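Novice: Starting off with a structure, shown below.
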Amino acid sequence: VQLQASGGGLVQAGDSLRLSCAASGRTSSSYSMGWFRQTPGEEREFVAAISARGSRTTYADSLKGRFAISRDNSSNTMYLQMNSLKPEDTAGYYCALSLSGNLPQITDRYRYWGQGTLVTVSS
């Protein structure tokens with residue numbers, strides 16, 4: 001499986017941004033997928049996860065209400081809609097695919113990773 005994240009950029013506080021993660025290779029629609037983020041010197045942090053068919057989602061508590069994860073299995077693409085962005089949301093955002101049927105929130109449960117896309121939120 002190859003994952004390609006895109007959509008990052010420089011935005012102002014309060015703006016919205018939508019990230020995409022295109023999957024190729026093994027059928028991604030059979031597996032849970034998720035988003036993580038990471039800043040320099042910090043561990044990768046869970047953001048959100050979505051089930052194989054998109055019927056179940058879970059979020060980091062601090063991001064509920066501002067971020068929304070979705071997927072379009074017809075195009076093998078997952079999305080992360082980020083609203084009301086804050087400077088503390090600045091990070092590299094990574095998409096990942098898990099071979100687990102659950103919605104894992106730890107990095108060790110994800111088998112495949114994208115290269116990351118940088119989001120910078122200015123104040």
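Novice: Compute the normalised compactness of the chain: alpha-carbon radius of gyration over 2.2 N^0.38 Å, N being the residue count. Before the final figure, lay out each step's value.
Specialist: On the way: Rg = 13.3 Å, N = 123, 2.2 N^0.38 = 13.7 Å.
Rg over 2.2 N^0.38 Å, computed on Cα atoms: 0.97.
Novice: Any idea what the relative contact order of the chain is, in percent, if you count C-alpha pairs under 8 Å spaced at least 6 apart? Provide the component values of the computation, followed by the final result.
Specialist: Values: 323 pairs, mean separation 44.4, N = 123.
Once normalised by length, the contact order is 36 percent.
Novice: Additional query: Residue by residue through segment 91-108, which ³J(HN,Hα) values in whole Hz follow from phi under the Karplus form 6.51 cos²θ - 1.76 cosθ + 1.60 (θ = phi - 60°), with glycine and proline marked x?
Specialist: Karplus-based 3J(HN,Hα) across segment 91-108 equals 4, x, 10, 10, 9, 8, 10, 10, 7, 7, x, 8, 10, x, 10, 10, 4, 5 Hz.
Novice: Nothing charged except the Cβ atoms of Lys and Arg (+1) and of Asp and Glu (-1): what's the magnitude of the dipole of the chain about its Cα centre? Round to the nearest 20 debye.
Specialist: Working: 12 positive and 9 negative charges, 88 e Å.
The calculated dipole for the chain is roughly 420 debye.
Novice: Here's another thing I want to ask about it. Could you tell me what percent of the accessible area of the chain is made up of carbon and sulfur, with a 1.4 Å probe and every protein chain present? Mind dumping the intermediate values first?
Specialist: On the way: 2600 of 6160 Å².
Roughly 42 percent, rounded to a whole number.
Novice: Counting only protein chains, not ligands or nucleic acids, how are Lys86, Lys64 ordered by accessible area (probe 1.4 Å), most first? Please list the in-between numbers first.
Specialist: Numbers: Lys86 85, Lys64 125 Å².
Largest to smallest exposure gives the sequence Lys64, Lys86.
Novice: Per q in 0.22, 0.29 1/Å, what log10 I(q)/I(0) does a Debye calculation on the alpha-carbon atoms of segment 77-123 return?
Specialist: Log-scaled intensity ratios, in q order: -0.89, -1.12.
The values are calculated or read from the model by the stated rules, or taken from the named source; none is laboratory data. Values in this document were obtained by computation on a predicted structure and should not be read as measured data. Positions of Cβ are generated from backbone atoms using ideal geometry, with glycine treated the same way; all protein chains shown enter the neighbour counts. The area values use the complete protein model at the heavy-atom level, side chains included, leaving out ligands, DNA and RNA. Shrake-Rupley method; radii C 1.70, N 1.55, O 1.52, S 1.80 Å.
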